[in-house]
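The structure under discussion appears below in the form of structure tokens.
The values are calculated or read from the model by the stated rules, or taken from the named source; none is laboratory data. What you see is a predicted model, and the numbers here were worked out from it, not measured in a lab. Backbone-built Cβ (ideal geometry, glycine too); neighbour counts: all protein chains shown. Calculation scope for accessible area: heavy atoms of the full protein, side chains included, ligands and nucleic acids excluded. Shrake-Rupley method; radii C 1.70, N 1.55, O 1.52, S 1.80 Å.
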Amino acid sequence: MKLTFIGAAHEVTGSCHLLETNGKHILVDCGMEQGPDLYENQELPIAPVDIDFILLTHAHIDHSGLIPLMTKNGFKGQIVTTFATADLCDIMLRDSAHIQEFEAEWRNRKARRSGEPLYEPLYTMQDAMDAVELLSPCDYDQRIELCSGVEVRFTDIGHLLGSACIEVWITEDGVSRKIVFSGDVGNIDQPIIKDPKTIKEADYVVIESTYGNRLHGDEKPDYLGDFAEILRETFQKGGNVVIPSFAVGRTQELLYFIREIKEKNLLGDFTDFDVYVDSPLAIEATSVFTKNQRGCFDEDALNLVDKGINPLVFPGLKLSVTSDDSKLINFDSRPKVIISASGMCEAGRIRHHLKHNLWRKECTILFVGYQAVGTLGRKLIEGAPVVKLFGETIEVSARIESLKGISGHADMNGLLGWLGGFESDIKHVFVVHGEDQVTDSFAKTVTERFGISAFAPYSGGCVDLATNQILSEGSQIVKKKADKPERLRAESAFNRTINAGKYLLEVIMKNEGIANKDLAKLEAQIKNLADKWNR
Ligand SMILES: [Zn+2]
């Protein structure tokens, strides 16, 4: 009866924990690491073919994204999750495989020309489809027997449609223990989905800590009012509102609010505006929301459903599936809303809409989610006067706005409130899924507040659940770059480019004191080169 922490240990992404009991191997989540992670994850101590079950808390790629890699490497067990998560995984894992294949193909086009070895995608569409075949959905709140000695129950945790906290009851050699995995704990009062439900009993709790040291603030933003105001001001000038949005979750929230704005006639003369959703993934995700209304929607959204209203549909909603549909949007000259992905403007159809709208001062680019450092979205928010799109320099004349969003994660008080719902004595709380120091500080907060032992394991950390003995705290191995063999080649090419850059700087230094005319020529050539690649 052993629990090992593999991923999202002192990190925010790549959730993965391994439960071993009654001769079975059970993974809880199997997520992809995204963005800059600090520590090396330990390899799974067993081969994918020997994993019997994957329990999945929710569909976000940092919790589900490596499942196709498991099927690629021989996993043939069941993936147990809620119906809505299974539906979302069906589209999100295929989308992730598409990205992997697209990236590999892009690299290989260059590799073929230069005679370098080919790059293998992390996994393919077939691997993702094989994973989808293994999904075994269940209802919320049903206690089900996974195998002899192991029962599980999925409870709504209010983070994303279908998201769950997972309760696991284990009995082995006459000893029974209950472990609760929080998954990502949702924020209260999010539109469409329910608030997180608390659990009463556990011996052990594994809890996320994304906002383990932060508070969202007491003042609730007037999302609807602020959004309506931006729409009105833009339409008055005859412009478009272009919204870079995450396809799953955020887009559906926007549709929910726009329906309300239209229904309440908040824009007066402008109520008849059209809204284009220009993202095939967002359109598929919206239909998953509609399919799962009964099991997942909150009271307000269900009240609308009971009146025969689909809360995500309204007059003027136009869905662009094909790229021809997408191009046609540019020929519609009336003021409108365009919602498109990706949310940080790094790829996808949104870049075309930015090209057509950024230079127009009557338009607004409205950000509704976090923009990571280095992304085009972040550059725009920080006031870049010009940006490069498809090799063209585009002047930024449009109004750039951010709508203070409703976070999908509970803040520190939300997490503590959820933990406070337990009535039984908890032997140990394990803090995962947070930034390095945040995990430690939240573990300390838990102990101070509830008097429960709590600690944040590193990857490889391991506990004997029968004896409550920490077998290992895990290894704090700082990540080296280019650890995976198939990525080495790309990395060495990148290093060569860096060295070429350093050489260029050396050449510049050597030329100090030469004629101004020659310096100007060199400067122009460097700027020309930099502009060409700054895309
Ligand atoms: Zn999540």
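The table below gives the values:
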{"read-out": "Charge dipole of the chain about the Cα centre (unit charges at C-beta), most positive-ward option of Thr4, Cys462, Ile91", "value": "Ile91"}
{"read-out": "Per-residue ³J(HN,Hα) for the stretch 69-85, Karplus 6.51 cos²θ - 1.76 cosθ + 1.60, θ = phi - 60°, Hz, x for Gly and Pro", "value": "5, 5, 5, 4, 9, x, 5, 10, x, 9, 9, 9, 7, 7, 4, 5, 5"}
{"read-out": "DSSP beta bridge pairing in the stretch 1-118, given as percent antiparallel to the nearest 5", "value": "60"}
{"read-out": "Rounded FRET efficiency, nearest 0.05, which uses the C-beta distance separating Lys327 from Lys264 and R0 of 45 Å", "value": "0.85"}
{"read-out": "C-alpha center-to-center spacing [the stretch 202-232, the stretch 367-422] in angstrom", "value": "14"}
{"read-out": "Cα-centred dipole magnitude for the chain, charges only on beta-carbon of K, R (+1) and D, E (-1), debye, nearest 20", "value": "2280"}
{"read-out": "Asp226-Ile99 FRET efficiency (beta carbon distance; Förster radius 30 Å; 0.05 resolution)", "value": "0.40"}
{"read-out": "Contour minus Cα-Cα distance for Ile188 and Cys147 (0.36 nm per residue)", "value": "11.3 nm"}
{"read-out": "Gain upon complete extension [Trp106, Ala372; 0.36 nm per residue less C-alpha separation]", "value": "93.4 nm"}
{"read-out": "Label zone at Lys2, where the point sits 7 Å out along the Cα-to-Cβ direction: the stretch 127-151 residues whose backbone N lies under 19 Å", "value": "150"}
{"read-out": "Sequence ranges 278-290, 116-128, ranked by mean other-Cβ count within 10 angstrom, highest first", "value": "278-290, 116-128"}
{"read-out": "Segment Asp425-Ile498, length gained on full extension (0.36 nm per residue, minus Cα span)", "value": "20.8 nm"}
{"read-out": "Protein accessible area in the chain, 1.4 Å probe - carbon and sulfur %", "value": "52"}
{"read-out": "Nearest-0.05 FRET efficiency for Met129 and Glu448, computed from C-beta distance (R0 45 Å)", "value": "0.40"}
{"read-out": "The chain, accessible area per residue, ligands and nucleic acids excluded (1.4 Å, Å²)", "value": "47"}
{"read-out": "Per-residue HN-Hα couplings for the stretch 526-531 [Karplus 6.51, -1.76, 1.60; θ = phi - 60°; Hz; x = Gly/Pro]", "value": "5, 4, 4, 5, 5, 4"}
{"read-out": "Lysines with Cα under 27 Å of Lys76, excluding same-chain neighbours fewer than 8 positions away", "value": "Lys2, Lys24, Lys178, Lys484"}
